[in-house]
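Undergrad: Sharing a structure, written as structure tokens. Questions coming.
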Protein chains: 2
Amino acid sequence: MRLAILLFPGFTALDAVGPYEMLGQLPGAETLFVAERPGPVTNDNGNLTLVAEASLDDVTDPGIVVVPGGPTARLPLTPGPVQDWLKTVDAGTTWTTSVCTGSLVLGAAGLLAGRRATTHWLSLDHLAAYGAQPTGERVVIDGKYVTAAGVSSGIDMGLTLLGRIAGDRVAQSVQLLTEYDPQPPYDAGSPEKAPADLVAEWRARQQEIMNRQAR
Amino acid sequence: MRLAILLFPGFTALDAVGPYEMLGQLPGAETLFVAERPGPVTNDNGNLTLVAEASLDDVTDPGIVVVPGGPTARLPLTPGPVQDWLKTVDAGTTWTTSVCTGSLVLGAAGLLAGRRATTHWLSLDHLAAYGAQPTGERVVIDGKYVTAAGVSSGIDMGLTLLGRIAGDRVAQSVQLLTEYDPQPPYDAGSPEKAPADLVAEWRARQQEIMNRQAR
């Protein structure tokens, strides 16, 4: 089983590395970070660079694809090499997955039409525009399409999928070895739980960005 | 405030990237990945490479240092450039931190003697050998020294420290934007919670590795 994790300029690092630490432990799997061109790919904040070992052309038959997200303005949402690659390899994958706004990339490739899916809470409306049925769940499995909510949810997605593929015991081992027994110091990790004024502030900021992009 | 995240060959990626996504959002902070030499640094599994932008010599005055962990055999625990750098910069840091077995690296630099600290659950005895007082807590703050338990606990450490430095509202914003509302599909993330036979199995494997190293 080959696990291909897509990188593109402006990706969010934890979206890629969270599922990597979980799914990358799949017995017998080979993990490849893949990008339009091999070499360094820098993240959304501009200060973390991962190296893609393979180009899209090098990876024709991944069993699992993971698409991370990033700020919407920087996502590969238009027809081009990334969209072409996703459409092509999806025909042969066992699992096609995304974290955060990575589901918008899958949506723009036409892969989520009519499917239940999720994305970062600030982009749920955007996801619907691709014909997907957005849900508020943290990890959504619809057939072979597995989408996760914002950034850190990729860890839950990766562990969930690891269990589906390799069984509970392997997944529990990985959870134990990564000491994934989360104890966040606040309870503000979703729009339902965070202070309402904070949620409103970020919704307004996002709207401002969307308006600026539309102009 | 400069945030320096140390990389060394064999580091665990999530140990570095978890705290990065939290602390890297500190308003006004500049984040630098630093290694003995600038350039690509490959992780414990050998299939994920991060790029260090700076050498140890380039970074003389970080306000915060984060030391990730990795398999104990590959940690920089012996006198050398990493240990020298840690001892030198620690004299000027506001916070000196570690994730997972990164605390052994701090311990070997003599920075945790007499302090409460933690590490990966499989290495707690090892930590005591450096004069630290190991605890079973997930994030331990003793003065300016902040140590976290295994791998994923670096996210909790980063968010906790972000709140201490920048206030609750900034930390809650980052929690909300990273949707850090964890929902692990299993409850096996600590030796107290995982199936006992799984814990015993990994303790035996770790002992075997230690015995092999000692021979």
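The values are calculated or read from the model by the stated rules, or taken from the named source; none is laboratory data. Source: prediction; values computed, not measured. Here Cβ is always computed from backbone atoms with ideal geometry, including for glycine, and neighbour counts include all displayed protein chains.
Undergrad: Would you point out which residue out of A:174, A:199, A:151 is within 21 Å of the chain's Cα centre (by Cα), crowded, with 17+ Cβ neighbours inside 10 Å and either farther than 20 Å from residue B:170 by Cβ or outside the structural domain of residue A:123 (by TED's automatic domain parsing) (or both)?
TA: Checking each option against the conditions leaves just A:174.
Undergrad: Scan (1) away from every other protein chain (no Cβ under 14 Å); (2) touching a strand residue (DSSP E or B) at 6+ places or on another chain (Cβ under 6 Å); (3) without any contact (Cβ under 8 Å) to a residue 12 or more places away in the chain for the single condition residue B:106 breaks and write down its number.
TA: Among (1) away from every other protein chain (no Cβ under 14 Å); (2) touching a strand residue (DSSP E or B) at 6+ places or on another chain (Cβ under 6 Å); (3) without any contact (Cβ under 8 Å) to a residue 12 or more places away in the chain, residue B:106 violates only (3).
Undergrad: Does residue B:175 meet the test of being assigned to a helix (DSSP H, G or I), touching a residue at least 12 places away in the same chain (Cβ under 8 Å) and under 28 Å from residue A:137 (Cα atoms)?
TA: yes
Undergrad: Just one of A:153, A:190, A:173 is modelled with pLDDT of 95 or more, more than 21 Å from residue A:65 (Cβ to Cβ) and in contact with an Asp or Glu (Cβ under 6 Å, 6 or more places away or on another chain); which is it?
TA: Residue meeting the stated conditions: A:190.
Undergrad: If you don't mind, there's one more thing I want to ask. If you take the residues of region A:156-190 that are of a type in the set (Val, Ile, Thr) and within 7 Å of chain B (Cβ to nearest Cβ), which of them is nearest to residue A:144 (Cα to Cα)?
TA: That would be A:160.
Undergrad: Is it the case that some residue within region A:195-206 is among the hydrophobic types (A, V, I, L, M, F, W, C), touching a residue at least 12 places away in the same chain (Cβ under 8 Å) and either facing another protein chain (nearest Cβ under 10 Å) or over 30 Å from residue B:71 (Cα atoms) (or both)?
TA: Within region A:195-206 (the criterion being among the hydrophobic types (A, V, I, L, M, F, W, C), touching a residue at least 12 places away in the same chain (Cβ under 8 Å) and either facing another protein chain (nearest Cβ under 10 Å) or over 30 Å from residue B:71 (Cα atoms) (or both)), the answer is yes, since at least one residue qualifies.
To keep it simple, each residue is scored yes or no on (1) assigned by TED's automatic domain parsing to the domain that holds residue A:156; (2) modelled with pLDDT under 95; (3) more than 30 Å from residue A:198 (Cβ to Cβ).
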| site | (1), (2), (3) |
| --- | --- |
| A:69 | yes, no, no |
| A:72 | yes, yes, no |
| A:88 | yes, no, yes |
| A:93 | yes, no, yes |
| A:107 | yes, no, no |
| A:111 | yes, no, yes |
| A:121 | yes, no, no |
| A:129 | yes, yes, no |
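Undergrad: Is it the case that some residue within region A:180-190 is in a helix (DSSP H, G or I) and out of contact with any helix residue (DSSP H, G or I) (no Cβ under 7 Å at 6 or more places or on another chain)?
TA: Looking through region A:180-190, none of the residues is in a helix (DSSP H, G or I) and out of contact with any helix residue (DSSP H, G or I) (no Cβ under 7 Å at 6 or more places or on another chain).
Undergrad: Then there's this: How many residues are away from chain A (no Cβ under 11 Å) and in contact (Cβ under 8 Å) with a residue 40 or more places away in the chain if we restrict to region B:137-155?
TA: 4
Undergrad: Is it the case that region B:119-140 has a residue that's of a type in the set (Ser, Thr, Tyr), under 23 Å from residue A:182 (Cβ atoms), surrounded by fewer than 23 Cβ atoms within 10 Å (Cβ to Cβ) and in contact with a strand residue (DSSP E or B) (Cβ under 7 Å, 6 or more places away or on another chain)?
TA: Yes, region B:119-140 contains at least one residue that is of a type in the set (Ser, Thr, Tyr), under 23 Å from residue A:182 (Cβ atoms), surrounded by fewer than 23 Cβ atoms within 10 Å (Cβ to Cβ) and in contact with a strand residue (DSSP E or B) (Cβ under 7 Å, 6 or more places away or on another chain).
Undergrad: Name every residue in region B:1-22 that is under 13 Å from the mean Cα position of the chain (by Cα), closer than 23 Å to residue A:150 by Cβ, more than 8 Å from chain A (Cβ to nearest Cβ) and of a type in the set (A, V, I, L, M, F, W, C), in order of residue number.
TA: Within region B:1-22, B:5, B:16 qualify.
Undergrad: Still on this structure: Is region A:28-35 home to any residue that is under 24 Å from residue A:119 (Cβ atoms), free of Cβ contacts under 8 Å to residues at least 60 places away in the same chain and not aliphatic (A, V, I, L, M)?
TA: yes
Undergrad: State which residue is farthest from residue A:57 (Cα to Cα) when the search covers only region A:9-33 and only residues that are touching an Asp or Glu at 6+ places or on another chain (Cβ under 8 Å) and buried (at least 23 other Cβ atoms within 10 Å of the Cβ).
TA: Checked region A:9-33; the qualifying residue farthest from residue A:57 (Cα to Cα) is A:14.
Undergrad: Hey, can you tell me all the residues within region B:204-215 that are within 26 Å of residue A:160 (Cβ to Cβ) and surrounded by 13 or more Cβ atoms within 10 Å (Cβ to Cβ)? Before the answer, list the steps.
TA: Quick first cut of region B:204-215, residues within 26 Å of residue A:160 (Cβ to Cβ) only: B:205.
Residues satisfying the conditions do not exist here.
Listed here are the residues, each with its yes/no results for (1) more than 23 Å from residue B:12 (Cβ to Cβ); (2) within 13 Å of another protein chain (Cβ to nearest Cβ); (3) crowded, with 19+ Cβ neighbours inside 10 Å; (4) touching an Asp or Glu at 6+ places or on another chain (Cβ under 8 Å).
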position	(1), (2), (3), (4)
A:37	yes, no, no, no
A:42	no, yes, no, no
A:56	yes, no, yes, yes
A:66	no, yes, yes, no
A:74	yes, no, no, yes
A:82	yes, no, yes, yes
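Undergrad: Being closer than 21 Å to residue B:151 by Cβ, surrounded by 23 or more Cβ atoms within 10 Å (Cβ to Cβ) and among the aromatic types (Phe, Trp, Tyr), is that true of even one residue in region B:86-109?
TA: No, region B:86-109 contains no residue that is closer than 21 Å to residue B:151 by Cβ, surrounded by 23 or more Cβ atoms within 10 Å (Cβ to Cβ) and among the aromatic types (Phe, Trp, Tyr).
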